[in-house]
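Below: one structure, written as structure tokens.
The values are calculated or read from the model by the stated rules, or taken from the named source; none is laboratory data. Computed from a predicted structure; not experimentally measured. Using ideal geometry, Cβ is built from the backbone for each residue, glycine included, and neighbour counts are taken over all protein chains shown.
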Amino acid sequence: MSASRPALVLRVPSRTEYLAAIRDVTRRMAEAAGFDAAQADQLALAVDEASTNVIEHAYRGAPDRLIELRFDDRGGELCVEVADDGEAVDPREVPQVDLRRYASERRTGGLGMHLMGRIMDSVTFRKNARGNVCCMVKRKPLRREASR
Amino acid sequence: MTELSVDSRELEGIVLLYPRGFINAHTVRLFEGEIQKALDQGQYRIVVSGAGLKYIASAGLGALMGVIEEVRTNGGDIRLADLNETVRNIFDILGFNHLYRIFPSEVEAILSFRGGGEAGSPPA
């Protein structure tokens with residue numbers, strides 16, 4: 001079983017042009033933690049969505065703030081925290097996604113949060129000294145035993 | 001670095017869009033703009049041919065959601081083709097496979113507008 005590793009902390013300007021870098025780092029961290037390429041792509045998507053939420057909602061598009069990402073390989077799971085010091089967004093206020101209603105009402109919001117929830121094993125929000133923290137956890141796949 | 005380009009062409013009244021790269025909050029305006037161009041010209045039969053699409057985030061899915069009702073009200077549809085596994089998985093996770101017809105190839109998507117090629121995933 002792999003042991004925990006020191007966490008990687010990354011501070012990124014609150015601009016959408018940095019989403020590609022966030023995605024690349026997440027994918028690499030996921031693969032280093034033992035996820036396959038497809039799972040790593042999905043984790044990268046979830047972190048992209050969380051970071052986009054920070055830029056668009058917590059910072060309301062302000063480009064001069066910081067997003068702090070913390071990647072923590074805990075051995076059996078990978079935890080990614082996305083923190084900001086902007087406005088707190090209450091996830092309970094994000095509407096549940098009903099695709100057919102979305103289409104008829106021409107709504108487009110809330111899909112990102114829905115995706116995060118579908119990809120990760122848990123998505124929780126809290127406030128601490130760093131500000132608002134979105135904590136996403138994905139359990140690692142069980143390793144196959146070596147063939148006898 | 002250009003993260004997204006979107007080529008387009010028209011074939012027998014069908015607009016074919018070829019996004020190449022990544023669609024997310026940073027690049028989605030370009031994708032939306034190309035869809036809107038088609039709608040502004042009264043063209044409501046659209047195929048998004050995704051062979052060059054590496055990744056799509058909710059912003060891109062929202063762009064499709066934002067116009068699909070208008071497109072279908074006008075007798076058209078947005079159909080998807082040739083999606084790689086990563087992109088296809090994202091559509092499946094969100095349940096978009098029940099809302100959009102997805103075809104293995106661009107040709108099948110085009111033919112579906114002529115009443116043939118029923119191989120795509122029909123909306124439930």
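Residues that are farther than 24 Å from A:Leu66 by Cβ and outside any helix (DSSP H, G or I) within region A:10-46 comprise A:Gly34, A:Phe35, A:Asp36, listed in sequence order.
Among the residues of region B:94-106, the ones that are over 14 Å from B:Val48 (Cα atoms) and surrounded by fewer than 17 Cβ atoms within 10 Å (Cβ to Cβ) come to 2 in all. Taking A:Met1 and the conditions (1) at pLDDT below 95; (2) over 13 Å from the mean Cα position of the chain (by Cα); (3) over 20 Å from A:Glu87 (Cα atoms); (4) assigned to a helix (DSSP H, G or I), which numbered condition does it fall short on, given that it satisfies the others? The one condition A:Met1 does not meet is (4).
For region A:6-31, which residues satisfy the criterion of being small (Gly, Ala, Ser) and over 21 Å from B:Glu85 (Cα atoms)? Hits for region A:6-31 are A:Ala7, A:Ser14, A:Ala21.
In region B:77-91, of all residues being touching a strand residue (DSSP E or B) at 6+ places or on another chain (Cβ under 9 Å) and of a type in the set (Asp, Glu), the one that is surrounded by the most Cβ atoms within 10 Å (Cβ to Cβ) corresponds to B:Asp82. Of all residues in region A:122-148, those that are outside any loop (DSSP other than H, G, I, E, B) and either modelled with pLDDT of 90 or more or among the small types (Gly, Ala, Ser) (or both) total 15.
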